[in-house]
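Below is one structure, written out as structure tokens; comments come after it.
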Amino acid sequence: MSYEKMLGDLAERDERIVVMTAENRAAIRGLPTRLGARFVDTGITEMTMVGMAAGLALRGRIPVVHALAAFLTMRAYEFIRTDIGITGAPVKLVGYVPGILSEANGPTHQAIEDVALMRAIPGMRVFCPADGQELLAGLPDVVADPHPWYIRYVDVSPRLPHTGEFTIGIAEIHGDECGPPPDVALITYGYAAGEAHGAAAILRWEGLRVRVVNLRTLAPIDEAALLDACRAELVVTVEDHLRTGGLYSLLCELLVERGRRANVRAVAFDGWFTPALLADAIVHAGLDAGSIAARARGWFSPLEVDHVR
Amino acid sequence: MTMRHLPPLTPTQVAELQDLALAVRAHCVRMAGGGGCFLGASLSCADLIVYLYRHILRVDPRRPDREDRDWFLLSKGHDVPALYGTLAELGFFPRERLERHLSPDDCLYWHPNRGVPGIEHHSGSLGHLLSVGAGVAIDLKLRKQKQRVFVLLGDGELNEGSVWEAVLVAAAHRLDNLIVVVDRNGFQANARTEDLVPLEPIADKFRAFGWYAAGVDGHDFDALHDVFSELGGEDGRPRAIIASTVRGRGLRSLEARADRWFCRLSGEEVAGFLGELQGGGALDLDTPGLVVR
């Protein structure tokens with residue numbers, strides 16, 4: 001099953017679905033033939049596409065719109081906020097090559113603030129699948145949900161073994177879920193989840209008890225899973241997003257709001273990442289499993305010494 | 001789009017439109033009392049809105065959301081007093097509700113929103129509703145429904161790149177059920193359009209983008225009727241009607257004043273302007289003490 005096949009199937013079963021793109025068809029090339037007039041390509045016009053999606057939603061449609069994440073969330077931001085956010089129109093915004101996946105395109109194409117921007121819109125929901133399997137697991141619920149959604153599109157081969165059913169707002173947890181608090185909790189989402197999962201394997205091999213929390217949706221968030229994970233000695237948020245406004249911010253907001261303390265560190269971008277092919281870009285950015293594990297080990301060791309005293 | 005050649009307006013119909021427009025202008029002036037409103041711009045499009053609602057749009061004040069209605073989208077949202085006044089006069093909601101203009105207990109604020117019966121979508125940020133209207137229009141095409149979508153744009157609003165993006169896309173999708181009306185009052189907030197970012201020739205710009213375009217005197221009901229009753233058939237071209245208007249129309253003291261954008265009037269000034277609407281003498285806005293802002 002591919003994204004295109006599933007979206008086509010959903011659209012064939014539900015007349016309300018209209019698939020739109022601002023001339024980016026990479027993941028939906030076969031849909032014009034399948035959907036006919038319910039496939040609308042507006043050309044390179046992110047603002048107009050989003051405005052038209054709002055108009056279609058006024059008529060009872062569920063538009064699923066596609067563009068590069070950087071241009072969709074930023075060029076059309078005010079249209080998303082104003083024409084979709086204010087009414088809570090059930091438009092699904094699919095952003096291609098978000099975060100590290102823009103690879104060698106350079107800073108113009110780096111959507112590394114998209115989660116911050118989208119979660120700042122009241123009522124907007126945010127789905128950040130770790131890979132293609134999770135994307136497809138969540139897509140039917142997200143499309144059927146009556147809220148507007150931003151889908152941080154990741155459609156790579158499975159990056160970690162997925163457990164259980166997809167439920168909006170419920171995280172996927174790897175590692176000990178009961179028993180004493182883990183030594184390290186890696187909280188993550190999106191493409192970075194695969195690297196966090198790899199880092200957890202390294203840290204476990206080194207003797208640490210590690211939990212990985214793959215959030216899957218950043219709005220709504222699984223507060224219970226987050227707060228429980230924050231009982232760990234060390235909490236590391238892992239994301240291919242700016243430190244500002246993403247998961248790290250979100251978790252810190254939650255902890256302050258609940259009057260909870262935790263030792264939270266961030267693996268995130270502090271600026272534009274160095275453009276390169278994915279495998280190189282991820283290492284250069286320190287987002288690969290080995291780098292994450294090394295940093296977590298470094299953050300954890302002083303704590304360990306503290307314990308011995 | 002259905003071809004509709006309407007019979008000419010009778011003198012009685014013209015008189016009725018004039019009465020209605022006068023009532024709407026009076027509502028605008030009263031809304032400029034208290035907390036104020038964008039009075040000049042509201043007055044420039046009052047005749048357009050009144051004419052469209054009375055003779056062109058197929059809408060039902062008792063059932064504003066009926067499926068077979070035409071759509072009217074006010075993209076230059078700051079003109080909404082003219083729309084509030086028209087909707088109230090036509091019975092979409094009671095006139096008394098206008099007294100709650102700007103009250104936190106109601107939703108008649110400075111820009112339109114869907115809490116007001118008859119208003120399809122909010123606006124206020126310029127350059128949005130042509131694309132929203134194109135979305136409605138393309139859905140009508142998808143469903144093979146014959147209703148039309150009217151979008152009222154300001155001329156200053158044509159500065160926005162998103163307008164021209166939507167103009168391109170509407171032509172590409174052959175949305176001949178989409179009709180733009182430009183309230184060509186010659187002003188944007190603080191300046192004459194031609195002094196700031198010249199727009200002319202507007203009609204030719206639309207034509208060059210694949211649209212049908214025509215000009216009309218936006219205060220002449222017979223001329224409006226000629227243009228809007230012959231919008232043509234299904235030729236794939238969206239329509240743009242460039243309506244020449246005067247900012248502040250109906251209040252000679254306010255007409256074409258670049259320095260009168262937002263007006264907050266005292267009770268005396270409201271009374272004076274209401275008198276001026278009825279043919280009384282023009283107020284001298286430069287008299288110290290007047291609080292027209």
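All of the numbers you see were taken from the coordinates with simple rules; none came from a lab. Since the structure is predicted, the reported quantities are computational estimates derived from the model, not experimental observations. Neighbour counts are summed over all protein chains in view; Cβ atoms, including those assigned to glycine, are modelled from backbone coordinates with ideal geometry.
Structure data summary
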item: Relative exposure of A:Ser2, B:Ser162, judged by other C-beta atoms within 10 Å (fewest first); result: A:Ser2, B:Ser162
item: Nearest 10 degrees, 0 to 90: helix A:132-144 Cα axis against chain A principal axis; result: 50 degrees
item: Rounded if a/c under 1.5, otherwise prolate or oblate - the range A:3-152, Cα gyration tensor axes; result: rounded
item: Potential extension, B:Lys141-B:Arg192 segment - 0.36 nm per residue separation minus Cα distance; result: 14.6 nm
item: Per-residue [θ]222 nm for the protein assembly as shown (sum of -39500 (n - 2.57) over DSSP H runs n ≥ 4, rounded to 500); result: -10500 deg cm²/dmol
item: Reachable aspartates and glutamates, given that their alpha-carbon falls under 12 Å from the alpha-carbon of B:Lys76 and they are not under 8 places away in the same chain; result: B:Asp155, B:Glu157, B:Glu160, B:Asp183
item: Inter-probe distance in nm under a simple model that places probes 7 Å from Cα toward Cβ, at B:Glu200 and B:Asp217; result: 1.8 nm
item: Label-point gap, in nm, between A:Leu277 and A:Met6 - each point 7 angstrom along Cα→Cβ; result: 2.8 nm
item: In range of the label at A:Glu223: residues from the range A:173-207 whose backbone nitrogen is under 20 Å from the point 7 Å along Cα→Cβ; result: A:173, A:187-188
item: Under 12 Å from B:Lys146, Cα to Cα: aspartates and glutamates that are on another chain or at least 8 residues apart; result: B:Glu67, B:Asp68, B:Asp70, B:Asp176, B:Glu234
item: Global geometry of the range A:20-75, whether rounded, prolate or oblate, following the gyration tensor of its Cα atoms and the 1.5 cut on a/c; result: oblate
item: Virtual spin-label span in nm between A:Thr163 and B:Ala256, 7 Å along Cα→Cβ; result: 7.7 nm
item: Order of A:Thr42, B:Thr86, B:Thr193, A:Thr33 under a 10 Å beta carbon neighbour criterion, fewest first; result: A:Thr33, B:Thr193, B:Thr86, A:Thr42
item: Alpha-carbon centroids, the range B:127-192 and the range A:214-266: separation in whole Å; result: 44 Å
item: In the range A:1-86, trypsin sites (Lys or Arg not before Pro) in a DSSP loop with at most 11 other beta-carbon atoms within 10 Å; result: A:Arg29
item: Selection from B:Leu196, B:Ile119, B:Ala214, by position along the positive dipole direction of chain B (Cβ); result: B:Ile119
item: Formal net charge of residues neighbouring B:Glu160 (Cβ-Cβ distance under 13 Å; K, R +1; D, E -1); result: -3
item: Where trypsin sites (Lys or Arg not before Pro) fall in DSSP loop in the range B:81-144, at most 16 other Cβ within 10 Å; result: B:Arg114, B:Arg143, B:Lys144
